[in-house]
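Throughout, read-outs are computed from the coordinates displayed, never taken from laboratory work. Keep in mind that this is a model prediction, so the values were computed, not measured. Counting neighbours? That spans all protein chains shown, and the Cβs are built from the backbone with ideal geometry, glycine included.
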Amino acid sequence: MNQFSLSIVNLNLFANVADRLGRDGAPAWAKGLRLSLGVSNLFNQRIQVKDDAGATPFAFQGPYLDPIGRSANLSLRKLF
């Protein structure tokens, strides 16, 4: 039986827009505004399962074990 480890890397970045535009001189609409970018499973790693014939059993195919795979989200938040 072969055993291996699976590493999943997630990446989250954010920026406060008012800080990027000059904190004191930023426009009013930019104050309290945050832009966020997140990527889950950055390298799209999945477990690889093979039987003795070299085929992947139906229940262990990638979309069944990890139906989302890599996903990215972009969000904008404004504090009033």
Notebook entry, point to check: Where in the range 33-62 is the amide nitrogen less than 15 Å from a point lying 7 Å along the Cα-to-Cβ axis of Ser75?
Noted result: 33-40
Next item on the list: Show me 22-28, 12-18 ranked by packing, highest mean number of other Cβ atoms within 10 Å first.
Entry: 12-18, 22-28
Notebook entry, point to check: Rounded to the nearest 0.05, what FRET efficiency is calculated for Phe14 and Asp66 with R0 set to 22 Å and r the Cβ-Cβ distance?
Noted result: 0.30
Notebook entry, point to check: Among (i) 101, 15, 11; (ii) 35, 25, 18; (iii) 66, 20, 14, which is the computed Cα extents along the principal axes in Å?
Noted result: (iii)
